[in-house]
Amino acid sequence: MRFSIATAWIDPAELPAIAVEADRLGYHAIAVSDHVVNIEELKTPYPYSATGERRWKPFAPWVDPMVTIGALGALTERVRFFTNIYVLPMRDPFTTAKTVATASIFTGGRVSLGVGMGWCEDEFDLIGQPFRRRGARSDEILELLSTLWQGGWVEHHGEFYDIPRLEMSPPPPAPVPILVGGMSEAALARAARHDGWISDLISTDEAATHIARLEDLRAANGRSGDFASIVSLNDAVTLDQFRRAEEVGVTDVLTMPWVYHGGFDLSLEQKLEGMRRFAEEIMQPMAT
């Protein structure tokens, strides 16, 4: 089992130190979240809380994920990076292909692209991308990204995008794994066609159910090989609980490791100390 650090709403000034310490301690990856703006009054209810209220407060920091990954990649050597979650259909595919490839170049190929379909129609409207049929459009965008990242002359003729023969250089130095976030059947089916799945905050039993479904979907698609099940667990605190999660198929845990040793509202030094304690008490025993 591997462990990754969620960085949502953290003061950007703290991210370099967190990334350097994660690299030193052997954490697998840093996850960077994504929203362009936070609109005060929404017509779209937030779907991940019982009340429709957003999980973050106004003026919580949302950094650009690819700029952040490039900056943190320059400070680290081993730790990987992925987006949790990049709202793919809210962007044009060419800008996405260019920024992800560039981030991959400056991290030596340590970037995975975690994508979601998005929930906030207001934000789509503001940026000028259609909200309707965003799932089908995203499937074609993922195909187009793979084409653009091949290097050399390529072309693409699809339902949503029709592009002439062109090249986008430089390509990523290594394949960019595609991770898909979401809990719906459509999200699981999309994840099963790619390289991994990212959950919302769920229990180990819920993770087991979704992972079993992903295995069935992958088998139906003739897919085999490495597949990441990246899960945020709401019921794993002890070593035995993390071991049980591994037994049901969780390959990666996404967490804020300092929360286990003091909560969310901590100084940077307290966060770093929490990372060290988690590495000693959970990561090292799990590795053996």
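Some notes on this structure:
- Out of ASP200, ASP122, ASP139, sole residue that is over 15 Å from ALA97 (Cα atoms), under 18 Å from the mean Cα position of the chain (by Cα) and not in a loop (DSSP other than H, G, I, E, B): ASP200
- Looking at ARG213, ARG110, just one residue is surrounded by fewer than 20 Cβ atoms within 10 Å (Cβ to Cβ), in contact with a helix residue (DSSP H, G or I) (Cβ under 9 Å, 6 or more places away or on another chain) and in contact (Cβ under 8 Å) with a residue 12 or more places away in the chain, and that residue is ARG213.
- For segment 69-84, a tally of residues being surrounded by fewer than 23 Cβ atoms within 10 Å (Cβ to Cβ) and in contact (Cβ under 8 Å) with a residue 40 or more places away in the chain returns 6.
- Looking only at segment 210-256, and only at residues there that are among the hydroxyl-bearing types (Ser, Thr, Tyr), part of a loop (DSSP other than H, G, I, E, B) and under 30 Å from TRP9 (Cα atoms), the one that is nearest to the chain's Cα centre (by Cα): THR251
- Listed by first and then second residue, the pairs with beta-carbon distance under 6 Å, at least 6 apart or on different chains, first residue in segment 174-192 and over 13 Å from PHE227 (Cα atoms), second crowded, with 20+ Cβ neighbours inside 10 Å and modelled with pLDDT under 95, are GLY181/ILE85.
- Within segment 43-63, the set of residues being at pLDDT 90 or above, surrounded by 13 or more Cβ atoms within 10 Å (Cβ to Cβ) and out of contact with any Leu (no Cβ under 9 Å at 6 or more places or on another chain) comprises ALA60, PRO61, TRP62.
- Lone unmet requirement of (1) at negative phi; (2) in contact (Cβ under 8 Å) with a residue 12 or more places away in the chain for TRP9: (1)
- Subset of segment 221-257 (residues that are touching an Asp or Glu at 6+ places or on another chain (Cβ under 8 Å) and among the hydroxyl-bearing types (Ser, Thr, Tyr)): SER229, SER232
- Of residues in segment 136-173 being within 16 Å of TYR86 (Cβ to Cβ), aliphatic (A, V, I, L, M) and out of contact with any His (no Cβ under 9 Å at 6 or more places or on another chain), the one surrounded by the most Cβ atoms within 10 Å (Cβ to Cβ): ILE141
The values are calculated or read from the model by the stated rules, or taken from the named source; none is laboratory data. Note that the structure is predicted; figures quoted are calculated from it, not measured. Don't worry about glycine lacking a Cβ; one is built from the backbone with ideal geometry, like all the others, and counts go over all protein chains shown.
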